[in-house]
Amino acid sequence: MSQYQNLLLAGLPIAVSTAIQSASEFVHYDLHDMIIEPNLPIKFIHFIETGVMSLLKVMDDGSRVELATIGNEGMLGVPVAVGINSVAALVMCQVESSAWRIPVEAFDSLSKTYPALAQLSLRYAMALFEQIAQTTGCNQTHSVDKRCAKWILLTHDRSKSDTFPLTQEFLANMLGISRTLVNAAAVRLSERKIISYVRGRITVLDRKALENESCECYLALGQLYKKSMHPATPLIEV
């Protein structure tokens, strides 16, 4: 059994994951910590072990819309893998998290040494692109209730806990909608005993019912990730 909770590290040949760990430090992030800021150089690659990160687009008026969520299935700083050292997006800690953090220079050096790492980075870049595309379509076509259910499911999967912090303001920002709409959706889910929502914390009470309330994007995102990260062609061995 792998020592890593991060699925990317766990799927790499042992020589590669060991080299990454040797060049990394294990770090902890609290709720709302900024990991990558818009248009500033990306200094580190993060392999998420626990928790949830949000990839956000910040608009000129300061409003934020979530493009993707990233947990232990992924990494932060993927633009570096394709030669881009800064982006206009923001990455923020959504649920208290831990990660292996490696300086960009060390990551670049290891990518040149180990083809499997470079290949995995490109596959994950594609998986992230697919997630952003799916989320964009979801935001345009699906109801607030279904989008809320999907978001709670994704956070539940990655937080590894039935209870996690979530304010109405935060969820409204993530979904790009008003707090009034978020409150109404949360009330409907609470009245049906699917979730409880007390003092800024959500508890998932009926996982199966929550899945039934979600749009098809929840399952589609899982399928897209498997297609991108586990194709027929295996990683290059080293």
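All of the numbers you see were taken from the coordinates with simple rules; none came from a lab. Predicted model, so just to flag it, every value in this text is computed and none were measured. Neighbour counts are summed over all protein chains in view; Cβ atoms, including those assigned to glycine, are modelled from backbone coordinates with ideal geometry.
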ask   = Under a point spin-label approximation (7 Å from Cα along Cα-to-Cβ), what is the residue 32-residue 3 distance to one decimal in nm?
value = 3.6 nm
request  = List every DSSP H helix in the chain whose Cα atoms extend 20 Å or more along the helix's own long axis and whose mean Kyte-Doolittle hydropathy is at least -0.5.
outcome  = 115-141
request  = Lys and Arg at +1, Asp and Glu at -1: add these up for the other residues within a Cβ distance under 15 Å of residue 207 and post the number.
outcome  = +1
ask   = Residue separation times 0.36 nm, minus the C-alpha to C-alpha distance between residue 220 and residue 25: what's the value?
value = 66.8 nm
inquiry  = 5 Å is the cut-off here: which amide hydrogens, built 1.01 Å from N in the peptide plane, fall below it relative to residue 49, excluding neighbours closer than 5 in sequence?
reply    = 98, 99, 100
ask   = For the charge dipole of segment 7-139, defined by +1 on Lys and Arg C-beta atoms and -1 on Asp and Glu C-beta atoms about the Cα centroid, which residue among 32, 65, 119 has the Cα displaced farthest towards the positive pole?
value = 119
message = Exposed loop sites here are GluC sites (Glu not before Pro) in DSSP loop states with at most 13 other C-beta atoms within 10 Å. What is the longest stretch of the chain lacking them?
response = 1-215
request  = Enumerate lysine pairs in the chain that are 8 or more residues apart or on different chains, then count those whose Cα atoms are under 19 Å apart.
outcome  = 9
key: Pair residue 142, residue 59: separation of 7 Å Cα→Cβ label points (nm)   = 2.1 nm
note = From the Cα centre of segment 71-127 to that of segment 168-202, the distance in Å is 32 Å
